[in-house]
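Read the structure below first, then the notes.
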Amino acid sequence: MGCCFSNNADTKATRVSRWRSTGIVALRDSKLKRFPDEILDLERSVRTLDLTHNRIVDIPMEISKLVNLQRLVVPENLIERLPVNLGKLQSLKALILDGNRITSLPDELGQLVRLERLSISGNSLTSLPSTIGSLRNLLLLNVSNNNLESLPESVGSCFSLEELQAKSNNIGDLPSSMCNLTHLKSLCLDNNNVKQIPANLLKDCKVLQSISLHGNPISMDQFQQMDGFQEFEARRRKKFDKKIDSNVMIGSNGLDEGVDL
């Protein structure tokens, strides 16, 4: 018995030592039911934490100890809420929470000013906090497969945003502030209740190359009559021409405008 205990202790010590030296904690598919305490003890050493596909219910308040954490990857767990002091992780650049049971995001999310990627698809969100507009470095926002009925007006303040994925929600109206997203390249709103998009979106978002609106009430005729449509169409065709020239395979719907009739 003593020998087995010693071996287990050595294994744990070796693992913690490796985490400390590399800054990477990877515990995918480890059947964890709780957040491991030994991770929190590493404090400033951890830069990447990957807990994909476990059965973790809570992220503890003590996660704020991981002040140098840059990537927090916890999809496919049983998490229902996020701790309010998540905002203290000032080095965080990627927060991946897909496939959990989260119903709301804390206002403190807006304190993650270095965040570049926020993916929280496949949860139970009914709204997004207005503080999301403070994420000025955000490049990707994925809120697909939730229960959202709208996007906050403040999303237009995410000035660096390049990709917005919000398919399979209940979104009706889009905020006019989306016209401020001048770096936006890709917008996916499939399977919502969108009847129209902001009038100047195609005109003001001058690098927008892809819009997907399949499964919405908006018509192709409405879309084609928008200001800036011709310029958008030129960018879209140029993008796909490059893909074809590079022998990139595209789907059967790859060359349409992304709007169902």
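The values are calculated or read from the model by the stated rules, or taken from the named source; none is laboratory data. Everything numeric in this text was worked out from a predicted model, so none of it was measured. Virtual Cβ from ideal backbone geometry, glycine too; neighbours counted across all protein chains shown.
Points to keep in mind about this one:
- Which listed residue is closer than 27 Å to Arg101 by Cα and modelled with pLDDT under 95, from Asp173, Asp190: Asp173
- Residue among Glu108, Glu153 that is acidic (Asp, Glu), closer than 25 Å to Ser177 by Cβ, assigned by TED's automatic domain parsing to the domain that holds Pro198 and at pLDDT 95 or above: Glu153
- If you go through segment 141-157 and keep only what is under 16 Å from Ile96 (Cα atoms) and part of a loop (DSSP other than H, G, I, E, B), you end up with Val143, Ser144, Asn145, Asn146.
- Condition check for Asp37: touching a residue at least 40 places away in the same chain (Cβ under 8 Å) and either within 16 Å of the chain's Cα centre (by Cα) or over 24 Å from Ser154 (Cα atoms) (or both): no
- Test: residue in segment 80-90 that is assigned to a loop (DSSP other than H, G, I, E, B), out of contact with any helix residue (DSSP H, G or I) (no Cβ under 8 Å at 6 or more places or on another chain) and of a type outside the set (D, E, K, R): no
- Condition broken by Val25, with the remaining ones in (1) aliphatic (A, V, I, L, M); (2) farther than 30 Å from Ser127 by Cα; (3) within 16 Å of the chain's Cα centre (by Cα) satisfied: (3)
- Condition met for Val46 (crowded, with 21+ Cβ neighbours inside 10 Å, touching a Leu at 6+ places or on another chain (Cβ under 6 Å) and over 21 Å from Leu138 (Cα atoms)): yes
- Residue within segment 48-56 that is modelled with pLDDT under 95, outside the structural domain of Asn169 (by TED's automatic domain parsing), more than 28 Å from Leu135 (Cβ to Cβ) and outside any strand (DSSP E or B) present: no
- Within segment 106-125, considering residues that are crowded, with 17+ Cβ neighbours inside 10 Å, polar (S, T, N, Q) and out of contact with any Asp or Glu (no Cβ under 7 Å at 6 or more places or on another chain), the one farthest from Arg71 (Cα to Cα): Asn123
- All positions within segment 158-179 that are surrounded by fewer than 19 Cβ atoms within 10 Å (Cβ to Cβ) and assigned to a helix (DSSP H, G or I): Ser176, Ser177
- Residue satisfying condition, being out of contact with any Gly (no Cβ under 7 Å at 6 or more places or on another chain), within 27 Å of Asp58 (Cβ to Cβ) and of a type in the set (A, V, I, L, M, F, W, C), within set Leu112, Leu135, Leu125, Leu139: Leu125
- Given (1) part of a helix (DSSP H, G or I); (2) modelled with pLDDT of 90 or more, index of the condition Lys242 fails: (2)
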